[in-house]
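First comes the structure, then the notes that go with it.
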Amino acid sequence: MTTFLLVMTGVLTLAVTGLLLMVLALAREVGRVQVRLGPLGARMMDSGPKVEETGPAFSGLTDHLGRTVSVGGHRGKSQLLMFTGPNCSTCKSLLPGIRALARAERDLEVVMVSDGTPEEHAAFLAAGRISDELSYVDARDVGVAYQVGTTPYGVVLDEHGVIRAKGLCNHLQQVESLLNALETGTPSVQHLHRDARVELAG
């Protein structure tokens, strides 16, 4: 009996060790797939104005250089609203890419919308070396109107002030996915799947 129990214990130990090795191998493969794919599109939140609705419009805002800025409404070009916070570390890491994007995209107006104290804004602007390539506004009301609960969060408006894409943007690729949505007319992966289902059903 003792020999039988010892054999069974050995078999179970080998089985558990094998399962552990399989789990580790699977975790490694999942990690490789994530690295290959890179960040997915911006994760859309359900709160706030919906995609394809006209976004709240604001006028008479003043940016960090004293320029008058408006949000939404009819304009000559599309607009990217990047909701940020002066103490948001992810927002700070995105700044070089956002600045480069604002310089490269001539048909896009980039507005960073923030909320904080003057001292926090000054430190954020100095660290990010933000100049005239984009507008940085302290406008808590805009964030409330768009119901932004976390940062960094992007919203893309077309030239008529209609929301074409929005979502949480922890990587520059996710910001770019919002602009791709503007160009393709598909605001998110969820919308792409929905349209595919509709097409198959038809």
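The values are calculated or read from the model by the stated rules, or taken from the named source; none is laboratory data. Just so it is clear, the structure is predicted and the values come from calculations on it, not from any experiment. Note: ideal-geometry Cβ built from the backbone for every residue, glycine included; neighbour counts use all protein chains shown. Only protein heavy atoms, including side chains, enter the accessible area calculation; ligands, DNA and RNA are left aside. Shrake-Rupley method; radii C 1.70, N 1.55, O 1.52, S 1.80 Å.
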Residues that are open to solvent by less than 50 Å² (accessible area, probe 1.4 Å) and either farther than 19 Å from Val148 by Cα or in contact (Cβ under 8 Å) with a residue 40 or more places away in the chain (or both), drawn from segment 110-124:
Val111, Val113, His121, Phe124
Quick one: would you say Gly31 is within 30 Å of Val175 (Cα to Cα) and either open to solvent by less than 80 Å² (accessible area, probe 1.4 Å) or modelled with pLDDT of 60 or more (or both)?
yes
Sort out for me the strands (runs of 3 or more DSSP E) sitting completely within segment 125-181 that have 2 or more residues that are open to solvent by less than 50 Å² (accessible area, probe 1.4 Å) and within 18 Å of Leu61 (Cα to Cα).
135-138, 153-157
Suppose we filter segment 34-64 for residues that are surrounded by 10 or more Cβ atoms within 10 Å (Cβ to Cβ), modelled with pLDDT under 65, closer than 29 Å to Phe124 by Cβ and not basic (Lys, Arg); how many remain?
6
Quick test for you: out of Val189, Val198, Val144, pick the one residue that is modelled with pLDDT of 90 or more and among the aliphatic types (A, V, I, L, M).
Val144
Could you check segment 81-112 and list, in sequence order, the residues that are assigned to a strand (DSSP E or B), over 14 Å from the mean Cα position of the chain (by Cα) and aliphatic (A, V, I, L, M)?
Leu108, Val110, Val111
Would you be able to say whether some residue in segment 71-80 is open to solvent by less than 80 Å² (accessible area, probe 1.4 Å), without any contact (Cβ under 8 Å) to a residue 12 or more places away in the chain and either out of contact with any strand residue (DSSP E or B) (no Cβ under 6 Å at 6 or more places or on another chain) or at positive phi (or both)?
no
